[in-house]
Amino acid sequence: MPGKWSRPLGLLAALGLSALVGCAALQGMAEDVAYQAGGERAAGVVRGAGTVMSGLLPISYDEEKVIGEALALQVLARYNGVYDKPQLTRYINLVGRAVALTADRPTIAYHFAVLNHDSINAFAAPAGYVFITKGLLKQIRNEAELAAVLGHEITHISEKHVLAVLQRSKQLAGISEAGLSAAGHNPVVFKSLIDAVAKKLLDEGLDQGKELEADRLGVAFAARVGYDPQAYVGFLQRLRTLKGDDQAFFKTHPNFSSRIAETQQGIRALSPPRQGALLADRLTQRLRGQL
Ligand SMILES: [Zn+2]
């Protein structure tokens with residue numbers, strides 16, 4: 001999308017986003033982006049990108065946020081925006097934030113939103129932005145499954161999986177080490193870097209090892225809150241029955257059999273062994289009439 005981040009179009013995108021967004025958390029995100037598009041912070045964005053591209057990882061949270069917001073906007077653009085049901089959004093945030101508090105980076109602000117899309121998918125962007133499609137929510141049978149699905153995405157953020165892709169994407173974006181200092185002051189180069197990361201995140205997927213880690217840790221985080229870890233195994237098995245054990249379906253993730261095996265291994269390693277709540281009725285009540 002050439003020119004998407006040019007100033008007038010960037011501002012339009014931000015205004016469009018704020019019209020779509022129903023919850024206060026995402027409103028804040030839209031405002032951030034609007035401010036970036038039109039305000040002084042644009043300079044900081046480019047400076048931040050320059051630092052990132054100079055390879056000075058670990059990057060600061062502010063820099064991570066700039067990248068996360070840019071990727072979140074790409075997710076929203078591709079997946080038909082936010083599904084604007086305030087009660088539903090509040091519920092997803094309640095469950096997601098409870099899980100995030102038990103994860104490895106509990107202090108960052110996590111925002112959870114439902115995408116107005118019938119495909120079965122979920123995404124995480126750096127700095128705490130988590131998206132789950134309406135289509136995926138329709139497949140979920142209890143709150144423990146929801147907690148583990150959100151836990152998987154939280155892990156991508158807490159373990160900085162996407163940020164690791166960013167480093168490698170410098171090459172994909174054609175940014176040579178020699179050109180870094182000039183690139184840091186060039187929004188076009190920042191955009192090409194974000195596009196490269198989005199392609200990896202949305203089209204190609206993270207390393208399979210990172211996906212399996214997200215399954216294992218996501219369940220462990222949800223179990224710490226008190227959810228039944230076996231629920232996620234049931235969820236994956238149901239999707240495998242529904243879709244077949246086909247990597248083409250979840251082309252960005254390993255096949256279901258590998259994920260189920262990894263999850264079961266993770267559950268066996270939980271210490272102490274955990275049982276927990278499923279909360280099927282609560283999920284049913286909260287989702288009734290919402291999807
Ligand atoms: Zn994943």
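The values are calculated or read from the model by the stated rules, or taken from the named source; none is laboratory data. No experiment lies behind these values; they were computed from the predicted model shown. Neighbour counts run over all protein chains shown; Cβ positions are idealised from the backbone, glycine included.
Computed values, structure above
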{"read-out": "Residue selected from the stretch 79-91 under the condition buried (at least 18 other Cβ atoms within 10 Å of the Cβ) and assigned to a loop (DSSP other than H, G, I, E, B), by the criterion farthest from the ligand (Cβ to nearest atom)", "value": "Lys85"}
{"read-out": "Members of the stretch 112-131 found to be assigned to a loop (DSSP other than H, G, I, E, B) and within 15 Å of the ligand (Cβ to nearest atom), listed by number", "value": "Ser119, Ile120, Asn121, Pro126"}
{"read-out": "Index of the failed condition, Ile194 passing every other in (1) in contact (Cβ under 8 Å) with a residue 24 or more places away in the chain; (2) within 16 Å of the ligand (Cβ to nearest atom)", "value": "(2)"}
{"read-out": "Residue count for the stretch 259-283, restricted to those that are surrounded by 13 or more Cβ atoms within 10 Å (Cβ to Cβ) and of a type in the set (Ser, Thr, Tyr)", "value": "1"}
{"read-out": "Hits in the stretch 197-209 (condition: surrounded by fewer than 19 Cβ atoms within 10 Å (Cβ to Cβ) and within 11 Å of the ligand (Cβ to nearest atom))", "value": "Gly205, Asp207, Gln208"}
{"read-out": "So Leu94, is it more than 16 Å from the ligand (Cβ to nearest atom) and either touching a residue at least 40 places away in the same chain (Cβ under 8 Å) or surrounded by fewer than 23 Cβ atoms within 10 Å (Cβ to Cβ) (or both)", "value": "yes"}
{"read-out": "From the options Lys138, Lys134, residue that is more than 15 Å from the ligand (Cβ to nearest atom) and in contact with an Asp or Glu (Cβ under 7 Å, 6 or more places away or on another chain)", "value": "Lys134"}
{"read-out": "Selection status of Ser271, at pLDDT below 95, in a helix (DSSP H, G or I) and on the phi < 0 side of the Ramachandran plot", "value": "no"}
{"read-out": "Residue match in the stretch 212-227 (condition: within 16 Å of the ligand (Cβ to nearest atom) and either at pLDDT below 85 or acidic (Asp, Glu) (or both))", "value": "yes"}
{"read-out": "Failed item in (1) away from the ligand (no atom under 16 Å from the Cβ); (2) at pLDDT 85 or above; (3) farther than 21 Å from Ala164 by Cα, with Asp246 passing the rest", "value": "(2)"}
